[in-house]
Structures are given as structure tokens and as C-alpha cells.
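See structure below.
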Amino acid sequence: MNHFKRFLLLVLALAVGGGMGYRLLVGFNFVKMVIFILLILILGEVFYQIDKWLSDKE
């Protein structure tokens, strides 16, 4: 069951990243690109901590 939760976390991370890319990376805008990069870095750490927490529960 834990593998399924980690798979759902992966799908959620891809959906969030794709949605942010769709909204922020339309056309070239330097400010939006910097915001996108910062959000990806922050959310990457958040998803990593959730994954680590799920792995520790095994």
C-alpha cells in the first residue's frame, strides 16, 4: 500500500509541476521563469520530505 501512496505522490508532483509550468511559462517572461524555478525548488523539498516520511513508515 505504501508503494501506491508514493506513486500517488509522484503523480501529484508531476501534475502540480505541469500545471505551474502551463500557467507560468507561457511565452518568455523572466520574472515568471524565476518564480517558476523558485516554486519548483520549494515544492521539490516539500515532496521530498513527504516521500521520506512515507518511506519511514514502512
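The values are calculated or read from the model by the stated rules, or taken from the named source; none is laboratory data. All of these numbers come straight from a predicted model, not from anything done at the bench. Note that we place each Cβ from the backbone using ideal geometry, even for glycine, and neighbour counts take in every protein chain shown. For the accessible areas, the whole protein counts, side chains as well, though only heavy atoms, and no ligand, DNA or RNA atoms are used. Shrake-Rupley method; radii C 1.70, N 1.55, O 1.52, S 1.80 Å.
Of all the residues in segment 13-25, those that are touching a helix residue (DSSP H, G or I) at 6+ places or on another chain (Cβ under 8 Å) and open to solvent by 60 Å² or more (accessible area, probe 1.4 Å) number 1.
This table checks each residue for (1) assigned to a helix (DSSP H, G or I); (2) within 20 Å of TRP53 (Cα to Cα); (3) touching a Phe, Trp or Tyr at 6+ places or on another chain (Cβ under 6 Å); (4) not aromatic (Phe, Trp, Tyr).
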position: ARG6; (1), (2), (3), (4): yes, yes, no, yes
position: LEU10; (1), (2), (3), (4): yes, yes, no, yes
position: ALA15; (1), (2), (3), (4): yes, no, no, yes
position: GLY19; (1), (2), (3), (4): yes, no, no, yes
position: TYR22; (1), (2), (3), (4): yes, no, no, no
position: PHE28; (1), (2), (3), (4): no, no, no, no
position: LYS32; (1), (2), (3), (4): yes, no, no, yes
position: PHE36; (1), (2), (3), (4): yes, no, no, no
